[in-house]
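S.K.: Input: one structure, supplied below.
The values are calculated or read from the model by the stated rules, or taken from the named source; none is laboratory data. This one's a predicted model, so the numbers in the text were calculated from it and none came from an experiment. Cβ: placed from backbone, ideal geometry, glycine included. Neighbour counts: every protein chain shown. We work out accessible area using only protein heavy atoms, side chains counted, and drop any ligands, DNA or RNA first. Shrake-Rupley method; radii C 1.70, N 1.55, O 1.52, S 1.80 Å.
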Amino acid sequence: MIPENTAVIGLRYGDEGKGKIVDILSGYHFDYVVRYQGGHNAGHTVQVGERTYKLHLLPSGILRPHKKCVLGNGMVIDPKALVAEIDDLGIDVYRRLYISDCATMIMPWHSAKENRDSGHYGPGGVGSTGRGIGPAYEDKAGRRAFKMWELDVMRENGFDKFCLRVWQEAEKFYRPLPARKWHLEIENFLAAARKIIPYICDTRRLLNEKYSQGKILFEGAQGHMLDIDHGTYPFVTSSNPTVGGICTGTGLPPKAIKNVLGVVKAYDTRVGNGPFPTEDTGPAGQYLLKVGREQGTTTGRDRRCGWFDGVQAHEAVMINGVDALAVMKLDVLTGLPEVKICIGYERNGHSLHHPPADPDELARCKPVYDSVPGWTENITEVRRYDDLPGSAQKLLWWLGNRSHAPVKLVSVGPERSQVILNPNAKHVFPWMEDMLQMAES
Ligand code: IMP
């Protein structure tokens, strides 16, 4: 059975472990790994043998030789961050990295603007990653953004025109500051922008020419609850990590997306501010933080930890048309006396089965939990579903049942090989049955 174009989408607040799943799947049949939204606010950690890779802009497929990686038009890209990431990786990406000519650039003043407006974005506000993502998308919607095509040296006086516009805009933003404070920053930015020129192309055409071969993997960044339209607005990122973002963020038609794999952790985490009804600030939450090493890949901030929220997961499965789930970090729960799962909310004496839109209302919802007894067996070496402790299997059943999507994959450690297929979900993505052997390599 041959797979077809597949979307890997985080269903929670980001940091679900999409990077590992994309890394495994891209080692199999897929030729193109495509990011369609966000920027270097994302942080995907992938462990290969002894080495841990932290990726922010480059799709996780970049770790597989010969796989082609696309940064789609829906992304906001900081040329300096991209050049630094390519240099740090130490892998030759030339001829397999394609940057959309319609992607938006993050300019040097975007993160400065974000910090300046910190009442809105920063600690007391959304609690953003500080990478200039919001201001870059604001400029895009305001029709004044810098686009990658402006770097096209084939245009009349292409790069010179670009530089002139950058200096003019910088002058407006930085005017009160002495030149020595910002001139070097702009020069460094322009040098980085020049370096990425060879990678810029018409990715919409490229992907449209290829999609009928069924070898495209879409890598979501952030997650459903951070989506600007479907998340806990205003505590969201400024793009659409949800499935609809793929069409607008790549230029592909909906029929190009055949499969949707939703990624969740066996518990929940959230970085930054905003409602989180199942947050546990007690010993269990501390345990998840410590054992799960829940620090943000991008900012290093501690993640807030809590229990799996089946109400929100169901909503995310519905909106993204999720076919099956990958449940990550099941091993982190080992050693807890009890594992809870939220099966509904209670608000003013009423039961709620859908999350309210108002974030204050959501914050006031009281989760209704079911629970399974904890287990103490080390499950990191388990490779057969039936060898998991009975309690862990029961939890996975609940997770699928509440989310309304079958659990297909279970991850029990950071390594590529630490994944288990659920034999009760053979009917979805049957091609994954052969895939696991490839994952070991
Ligand atoms: P921004 O995307 O930097 O504007 O941040 C907006 C919100 O999304 C903040 O609460 C961030 O902590 C959160 N966020 C952004 N990117 C990620 C991510 O990759 N993982 C988890 N949270 C994220």
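S.K.: Among the GluC sites (Glu not before Pro) in the stretch 183-269, which ones are in a DSSP loop with at most 15 other Cβ atoms within 10 Å of the Cβ? Mind listing them? Please list the in-between numbers first.
M.R.: Working: sites: Glu185, Glu187, Glu209, Glu219; in loops: none.
Qualifying residues, ordered by number: none.
S.K.: Something else: According to a simple spin-label model (label point 7 Å from Cα along Cα-to-Cβ), what is the distance in nm between Asp152 and Glu361?
M.R.: Result for the modelled spin labels: 4.7 nm.
S.K.: By per-residue mean of other Cβ atoms within 10 Å, what is the highest-first order of 57-69, 90-102?
M.R.: In decreasing order of mean packing, 57-69, 90-102 become 57-69, 90-102.
S.K.: Can you show me the helix-derived [θ] at 222 nm for the chain, built from DSSP H runs with n ≥ 4 at -39,500 (n - 2.57) apiece and divided by the number of residues, rounded to the nearest 500.
M.R.: -9500 deg cm²/dmol
S.K.: Starting from 0 in steps of 10 Å, tell me what percent of the Cα-Cα pairs of the stretch 104-199 lands in each bin.
M.R.: 15, 44, 33, 8, 1
S.K.: Can you tell me which aspartates and glutamates have their Cα less than 19 Å from the Cα of Lys54? Leave out same-chain residues fewer than eight positions away.
M.R.: Cross-link targets: Asp15, Glu16, Asp23, Asp78, Glu85, Asp87, Asp88, Asp92, Glu219, Glu294, Asp302, Glu415.
S.K.: Using a 1.4 Å probe on the protein chains only, how many percent of the accessible area of the chain belongs to carbon and sulfur?
M.R.: Looking at the chain in its full context, I get 50 percent from C and S.
S.K.: Related question: Given the convex hull of the Cα atoms of the chain, what is a quarter of its surface area in nm²? Write out the running numbers ahead of the final one.
M.R.: Details: hull surface 84.1 nm².
Here the figure is 21.0 nm², rounded to one decimal.
S.K.: Using the basic label-point model (7 angstrom from Cα toward the beta carbon), what is the Asp434 to Asp92 distance in nanometres?
M.R.: Modelled inter-label distance: 3.0 nm.
S.K.: Near Lys181, which aspartates and glutamates are there with a Cα under 15 Å away, not counting those fewer than 8 places off in the same chain?
M.R.: Of all the aspartates and glutamates, those that pass the test against Lys181 - Cα under 15 Å, at least 8 places apart if same chain - are Glu171.
S.K.: Write out the chymotrypsin sites (Phe, Trp or Tyr not before Pro) in the stretch 1-69 meeting two conditions: DSSP loop, and at most 12 other Cβ atoms within 10 Å of their Cβ.
M.R.: Counting only loop positions with at most 12 other Cβ atoms within 10 Å, none of the chymotrypsin sites (Phe, Trp or Tyr not before Pro) in the stretch 1-69 qualifies.
S.K.: Check cross-link reach from Lys426 to the lysines: straight Cα distance under 26 Å, and skip same-chain residues fewer than eight apart.
M.R.: Cα-Cα hits under 26 Å: Lys18, Lys20, Lys215, Lys255, Lys258, Lys265, Lys329, Lys394, Lys408.
S.K.: Please compute the contact order of the chain in relative form: average sequence separation of alpha-carbon pairs under 8 Å and at least six residues apart, divided by the residue count, as a percent.
M.R.: 20 percent.
S.K.: By average Cβ neighbour count within 10 Å, what is the ranking of 393-400, 319-326, 263-270 from highest down?
M.R.: So the peptides 393-400, 319-326, 263-270, ranked by packing, come out 263-270, 319-326, 393-400.
S.K.: Next question. Could you work out how far apart the two model spin labels at Asn348 and Thr376 are, taking each label as a point 7 Å from the Cα in the direction of the beta carbon, and quote it in nm?
M.R.: 4.7 nm
S.K.: Another one. Can you work out the Karplus-derived ³J(HN,Hα) for every residue in the stretch 134-149? Use 6.51 cos²θ - 1.76 cosθ + 1.60 with θ = phi - 60°, whole Hz, and x for glycine or proline.
M.R.: x, x, 5, 5, 4, 5, 4, 5, x, 6, 10, 6, 8, 10, 4, 5
S.K.: Once you have a ≥ b ≥ c as the square roots of the Cα gyration tensor eigenvalues for the stretch 139-255, tell me rounded if a/c is under 1.5, and otherwise prolate or oblate according to whether a/b is larger than b/c. Walk me through the numbers before you get to the answer.
M.R.: On the way: a/c = 2.80, a/b = 1.44, b/c = 1.94.
Oblate shape, in that a/c is at least 1.5 and b/c is the bigger or equal ratio.
S.K.: Hey, can you find the accessible area per residue of the stretch 281-320 for me, probe 1.4 Å, expressed in square angstrom?
M.R.: Values: 1700 Å² over 40 residues.
Each residue of the stretch 281-320 exposes 43 Å² on average to a 1.4 Å probe.
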